[in-house]
Amino acid sequence: MFGGKKRRQAQALMESGARAVGTVVDVADTGMTINDNPRVRLTFRIEPLDGSPAFEGVKTATVSRVAIPRIGGRYPVYYDAGDPSTFAYVGGVDGSEGARTIVAQFGDAFGADGSGIGQPAPVAPPASAPAPAADPIEQLRKLGELRASGVLTDAEFEQQKARILGG
């Protein structure tokens, strides 16, 4: 049967291999097509879940012409810890059972429901911009109003005025 050896190897890696998150860093066309689907060379940055150092892996695969992996896409990866060049990636899952398996094995690396397979890493919201520096003249005006209304004593006013003016 065509592809049987590779399929068995991938199954063995899924059963006993180490797990990692693989991010596509390069996609290159090999110039070959099979049943109108391109054969591509995918380069992954593979980050083991156990905290081991990340490494690069290259895989040649026939992919659907309408679902070619994109640079930045992240996939579950199973690899041989003794020979990290031997690895398999999961291009997607069918059904809720497959999604549950990915979540059980990879945590929320691909979202709570596993729907993030093939998607770029979620972008952290931008840090809020620092508040613009207050105008010292405006600060002094408000400080004077606080002293005039009796909220600040003359000594407190002088102390805050010195702070605003850098003294």
Net lengthening on full extension, residue 115/residue 81 (0.36 nm per residue, minus Cα-Cα): 9.6 nm
Using the alpha-carbon centroid of each, what span in Å lies between the range 100-167 and the range 3-50? 44 Å
Of 67, 98, 17, whose Cα points farthest to the positive end of the dipole of the chain (charges on the beta-carbon: +1 Lys, Arg; -1 Asp, Glu; origin at the Cα centre)? 67
Expected output is a single nm value to one decimal: the length gained when fully extending between residue 5 and residue 133, i.e. 0.36 nm times separation in residues minus the C-alpha distance. What is it? 39.5 nm
Separation of the residue 101 and residue 34 label points, Cα + 7 Å toward Cβ, nm: 2.0 nm
Quick one: what are the phi-derived ³J(HN,Hα) couplings along the range 139-152, Karplus 6.51/-1.76/1.60 with θ = phi - 60°, whole Hz, x for glycine and proline? 4, 5, 4, 5, 4, x, 5, 5, 5, 5, 7, x, 6, 10
Scan (1) -0.29, -0.58; (2) -0.44, -0.61; (3) -0.32, -0.66 for the value of log10 I(q)/I(0) by the Debye sum over Cα atoms at q = 0.08, 0.12 Å⁻¹ calculated from this model and give just the label. (2)
With a 10 Å Cβ neighbour count serving as the proxy for reagent exposure, in which order, fewest first, do 7, 19 appear? 7, 19
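Can you give the extra length, in nm with one decimal, that the chain gains between residue 49 and residue 159 once fully stretched, where that is 0.36 nm per residue apart less the Cα-Cα distance? Write down the numbers at each step before the final one.
Details: separation 110, 0.36 × 110 = 39.60 nm, distance 5.47 nm.
Between residue 49 and residue 159, full extension yields 34.1 nm more.
Laboratory data are not the source of any read-out in this text; all were calculated from the coordinates shown. Being a predicted model, the structure only gives us computed values, none of them experimental. Cβ sites come from the backbone with ideal geometry, for glycine too, and all protein chains shown count toward neighbours.
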